[in-house]
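Any read-out appearing in this document is the output of simple, stated calculations on the displayed coordinates, not a laboratory observation. Here the structure is a predicted model, which means the values were calculated and not measured. Note that each Cβ is placed from the backbone with ideal geometry, even for glycine, and that neighbours are counted across all protein chains shown.
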Amino acid sequence: MDPEAIRAFEHARWERAASVYDASFGVATRLFCEALLDAAAVRAGTEVLDLACGPGVVAGRAAARGAVVCGLDFSAAMLAEARATHPSVQFVHGDAETVPLPDASFDAVVSNFGLHHVPRPALALAEAWRVLRPGGRVAFTFWAAHAENIAWKLLFDAVRRCGDPTGSDAPAPGGGFGTTQDCLDALVAAGFAAVDGRLEYRVWRHANAADLVAALRAGTARMAAMIEGQGAGTLADIVADIEENATVYRDLAGLALPIAAVVAEGMRQR
């Protein structure tokens, strides 16, 4: 695992995706915003840090609750989107592994599908602990296994059958999470108490398989690299495979694809 290679890859991908993220993959991630904010007990007056904030969707939702919000991201392009959309929210350029903010300065730290993109999530959770006040809460979301995420399963199964799962320029991943228990263990290792985690289920809608693949290609990092690593003819076969195997999820409006995320939370006691 090469942290700097991972950081460079992720940074380049999110810089590129910033302008289209909210209309593509952001449609899926924002389905979990309210559950994330509830887990961190965000309400009017709560001072919140949105870690790896991207285009500021969670920060904007927190501000709508009356919270005092600061968003942090390492992508200048994402921050430009966030500032344009949420001009009343403070946004700071910085890395989640070395947060440039004072100790004990927030009541809550949240991260919506951000921590698993950090090369060393343990460092980001340690930083979350540092900037929280005693009694403060942390919460983050992480995608559940493919068996729970049909949109993901359809893509990966199709690539396995029709394409090349290794066709990607992404470096080996860092120390991310695999299960709910991994998330809880990481919270405990960072010093958090009263840790808990649960699965939240949602439905991500698409007109067809091509629409799904386009959204994943436009608004993700590693999945986009895998999709782009397939040849044009192979990609057409992959889309056709998804279309065939997604029939059971089709209704009159198109595809209604089940997706799921772990919502993990903890508290700084001292």
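Tabulated data
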item	result
The chain: calculated mean residue ellipticity at 222 nm from DSSP helix runs of at least 4, using -39500 (n - 2.57)	-12500 deg cm²/dmol
For the stretch 21-30, Karplus couplings with θ = phi - 60° (6.51, -1.76, 1.60), whole Hz, Gly/Pro x	4, 4, 8, 10, 5, x, 4, 6, 5, 6
Additional length obtainable on full extension of the chain from Ser88 to Asp169, 0.36 nm per residue less Cα span	25.4 nm
Over the stretch 3-267, relative contact order from alpha-carbon pairs under 8 Å, at least 6 apart, %	23 percent
Listed residue (Ala256, Phe192, Phe74) projecting farthest to the positive dipole end of the chain, Cβ model	Phe192
DSSP beta bridge pairing in the chain, given as percent antiparallel to the nearest 5	55 percent
Positive minus negative residues near Asp73 (Lys, Arg vs Asp, Glu; Cβ under 10 Å)	-3
Only Lys, Arg (+1) and Asp, Glu (-1) charged, at Cβ; the chain dipole about Cα centre in debye	560 debye
Amide hydrogen neighbours beyond the local backbone of Gly136, cut-off 5 Å, H modeled	Arg268
Formal net charge of residues neighbouring Arg250 (Cβ-Cβ distance under 14 Å; K, R +1; D, E -1)	-3
Centre separation in Å (Cα based) which lies between the stretch 244-263 and the stretch 133-170	15 Å
In degrees, nearest ten, helix 76-85 long axis to first principal axis of the chain (Cα)	80 degrees
Interchain or long-range residues, amide H under 5 Å from Asp95's placed H	none
Whole-Å distance, taken between Cα centres, linking the stretch 183-225 and the stretch 87-123	18 Å
On Cα atoms only, tilt of 180-189 relative to the major axis of the chain in degrees	30 degrees
